[in-house]
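Below: one structure, written as C-alpha cells.
The values are calculated or read from the model by the stated rules, or taken from the named source; none is laboratory data. All figures in this text were calculated on a predicted structure; none of them were measured in a lab. All Cβ positions, even for glycine, are placed from backbone atoms using ideal geometry, and neighbour counts span all protein chains on display.
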Amino acid sequence: MMVGNARKNKIKQLIIYLCAVVIFFYTVLPIVWIVLTSFKTRDEIFSSTSHILPSSFYLENYTSMLGKSAYGYYFINSIIVSLCATTIVMVFAILSGYSFSAAFVFKGKNVSMIFIIIARMVPEIAVIIPMYFFLQKVGLFDTKTGITIMIAAMAYPLATWLLKSFFDDIPSSLYDAGKIDGCNSFQILLKIVLPISGPSISSTLIISFLTVWNSFLIPLTFAKSIKAKTFPIAISELAYSEFGVSWGNISALSVIAVIPMFLLGIFAQKYIIAGLTGGAEKG
C-alpha cells in the first residue's frame, strides 16, 4: 500500500514538473525569439535558412530607432506619464484605502467601496467616448497631462482595493495606541500605518506602475502628436508601416519596452512577494 502511494506521488510530481516546463517554455521562448530577432539584419530575418542565433550582434535596429527617429522621445513620454500617473494613483489610493479600512466606520462606507470595485470592472472602452469629448472641452486632448489623468483614474480602483486589504490586517491595538498618544487620524497614517506597510505599499506601487506602463487604449485614443504619444503606441504604429513590417526594429523596441519592467521586477520581487502574502496571516 505504501509503495502504491509513493508511486502515485511520484507520478503527480512528474506531471507537475512537466506542466511547469511546458509553461516555462511557452512563456520564455517568445521573449527569447524577440531578443534574438532584434540583433538580426533584415536579410537574416527573412532568409529561408535563418539560424536561431544571429550571425553577429547587429545593433542598427536599436540605434536607428532611438538615435535617428522619434522613438526615443516616445520612450521619454512613457517614462514621464508612468511616473506621474503612478504618483497620483499612490497618493489617492493610500488616503482612500486608509479611509475605507477597518480603522474607520461611517455611513455609506460599504456602498462607496462597492462603487470603487465596480469602477475597476468597467472596461476602458466604455468610458472612452465621453472622456474624449471631456478632454477636448477642457483643453487636455493630445497632452501628456490628459493621458496621465485618464490612466491614473483607471489604475486607481485596483490600488485602493489592494491597500484597503493590507490596512485591514493592521491590528486595531495599534490604532488605539496612536489615539491614546494624542494622534489624529492623519498622524496615525503617517507615523504608524505607513512605516509598517512598506512591503504592501511597494507591491501596490509596482503593480500600479506596470498597469500604467502597459496602458494602450487610452494613449491610442487621446494622443495624436509626437508630444503625447507613448512607447506602446509607437510600437503598434510601426507594425502597420506602409513599407511593410520591420521585424528587426519592432523587436528592438519591444526589448526596450520590457527593460524597465524587467529591472523593476528583479529589484523589487521580494517586495511584491512580501506585499501580496502579507495578508495571509493576521497579526
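Some observations on this one:
- Residue in segment 107-124 that is assigned by TED's automatic domain parsing to the domain that holds Ile94, touching a Leu at 6+ places or on another chain (Cβ under 8 Å) and in contact (Cβ under 8 Å) with a residue 12 or more places away in the chain present: yes
- On inspection, Ser96 does not qualify as over 30 Å from Asp169 (Cβ atoms), in the same structural domain as Ser202 (by TED's automatic domain parsing), in contact (Cβ under 8 Å) with a residue 40 or more places away in the chain and of a type in the set (Ser, Thr, Tyr).
- Single match in Gly178, Gly139, Gly146 (criterion: assigned by TED's automatic domain parsing to the domain that holds Tyr74 and assigned to a loop (DSSP other than H, G, I, E, B)): Gly139
- Just one of (1) surrounded by fewer than 15 Cβ atoms within 10 Å (Cβ to Cβ); (2) modelled with pLDDT of 90 or more; (3) within 16 Å of Thr230 (Cβ to Cβ) fails for Ala70. It is (2).
- In summary, Ile147 fulfils each of the numbered conditions (1) β-branched (Val, Ile, Thr); (2) surrounded by fewer than 19 Cβ atoms within 10 Å (Cβ to Cβ); (3) farther than 13 Å from Tyr98 by Cα with the single exception of condition (2).
- Identity of the residue in segment 104-136, in a loop (DSSP other than H, G, I, E, B) and not small (Gly, Ala, Ser), that ends up surrounded by the most Cβ atoms within 10 Å (Cβ to Cβ): Glu124
- Criterion: more than 16 Å from the chain's Cα centre (by Cα), modelled with pLDDT under 70 and not assigned by TED's automatic domain parsing to the domain that holds Val193 - qualifying residue of Lys270, Lys282: Lys282
- Residue match in segment 156-173 (condition: charged (D, E, K, R), assigned by TED's automatic domain parsing to the domain that holds Thr221 and not in a helix (DSSP H, G or I)): yes
- Picking from residues in segment 222-240 that are modelled with pLDDT of 85 or more and within 21 Å of the chain's Cα centre (by Cα), the one that is farthest from Leu253 (Cα to Cα) is Phe222.
- Residue within segment 83-98 that is surrounded by 18 or more Cβ atoms within 10 Å (Cβ to Cβ), aliphatic (A, V, I, L, M) and at pLDDT below 80 present: no
- Selection count where residues are aromatic (Phe, Trp, Tyr), under 17 Å from Pro232 (Cα atoms) and touching a helix residue (DSSP H, G or I) at 6+ places or on another chain (Cβ under 8 Å), scope segment 51-81: 4
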